[in-house]
Amino acid sequence: MEIRKFAERILLSESLEEKLTAATEIFTDQQPGKPLQIKEPTRPANLQFAAPRTAPAMPKPSAFVEQEKRALAHHIMANHELQALEVMAYILCAFPDAPAEFRLGMCKIMADEQRHTRMHKERASVLGLEFGSLPVNCYIWKKALSYESILDYLAGLPLTFEGRNLDHTLEFEQYFLEAGDQRSAALMKVVYHDEIQHVAFGLHWLRQLKPDHLSDWETYEQHLHWPVRAALSVGDTFNREGRKQTGMSDEFIEQLYQSAQTDVPPNQKPKNLD
């Protein structure tokens with residue numbers, strides 16, 4: 001299957017089933033096409049992006065004792081995974097001149113995102129909540145619209161949003177365990193191990209594509225678009241070991257940690273940033 005055809009199917013299909021259907025053919029990249037940029041992915045009616053502040057918020061950990069709150073958590077995470085999948089498809093369409101090896105690697109990661117979405121969708125359903133029965137946000141997608149290069153994407157999604165999941169997945173595993181939900185906890189552990197590989201992929205390509213005179217950290221920071229910043233790659237805990245497994249240097253890990261300790265909230269944005 002041509003990579004462009006696969007990406008367009010995910011990005012432009014109105015069918016969730018089509019978006020989440022894994023490719024069964026070997027990928028080819030002979031026709032990457034012209035750059036394609038769109039404002040929103042095509043989605044079924046029940047998964048259209050909701051107006052700001054209308055989608056439900058993630059329940060607090062103490063609420064996970066309630067089955068409906070655990071279902072809501074899976075519903076929200078299914079949408080996060082679907083957005084990540086759509087962003088990756090967008091990157092393949094928007095930057096067709098990216099290295100073929102990068103594009104093929106993206107397709108493998110997208111298969112994980114498809115699987116993660118299905119896992120959360122199915123678990124929410126078992127807990128009594130059908131995916132798409134509640135409003136969903138567009139935060140990850142909207143931030144991706146600012147990406148002007150592959151390095152912007154690598155800094156924004158793999159190293160920040162997926163990097164944060166190195167903490168969040170283990171945190172949520174514990175929340176589910178404390179609520180007695182072993183199946184949901186096991187799901188989070190599966191996602192955690194996949195995220196290590198996804199962040200490693202992002203770090204590898206950041207190193208491949210960055211200017212020689214810049215460090216990993218300098219490149220990462222320079223390609224973030226406010227209000228996305230290094231501190232957002234850290235959850236409520238800080239999983240150093242997981243980050244080491246991605247190939248991050250001790251220096252990079254420490255700089256992430258310090259960024260979270262000295263974070264400037266968006267409402268205190270410096271005037272020279274836009």
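Looking at 54, 28, which one is in contact (Cβ under 8 Å) with a residue 12 or more places away in the chain, open to solvent by 50 Å² or more (accessible area, probe 1.4 Å), closer than 24 Å to residue 202 by Cα and hydroxyl-bearing (Ser, Thr, Tyr)? Step through it out loud before you land on a result.
Numbers: 54 fails: closer than 24 Å to residue 202 by Cα.
The match here is 28.
The rows are residues; the columns are (1) touching a Ser or Thr at 6+ places or on another chain (Cβ under 9 Å); (2) closer than 28 Å to residue 67 by Cα.
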site	(1), (2)
134	no, yes
142	no, no
149	no, no
155	yes, no
173	yes, yes
185	no, yes
188	yes, yes
191	yes, yes
Subject >> Failed condition for residue 40, given (1) more than 19 Å from the chain's Cα centre (by Cα); (2) open to solvent by 50 Å² or more (accessible area, probe 1.4 Å); (3) touching a residue at least 40 places away in the same chain (Cβ under 8 Å) >> reply: (1)
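The values are calculated or read from the model by the stated rules, or taken from the named source; none is laboratory data. None of these values were measured; they are calculated from a predicted model. Cβ: placed from backbone, ideal geometry, glycine included. Neighbour counts: every protein chain shown. Ligands, DNA and RNA are stripped out before the accessible areas are found, and what is left, the full protein with its side chains, is counted by its heavy atoms. Shrake-Rupley method; radii C 1.70, N 1.55, O 1.52, S 1.80 Å.
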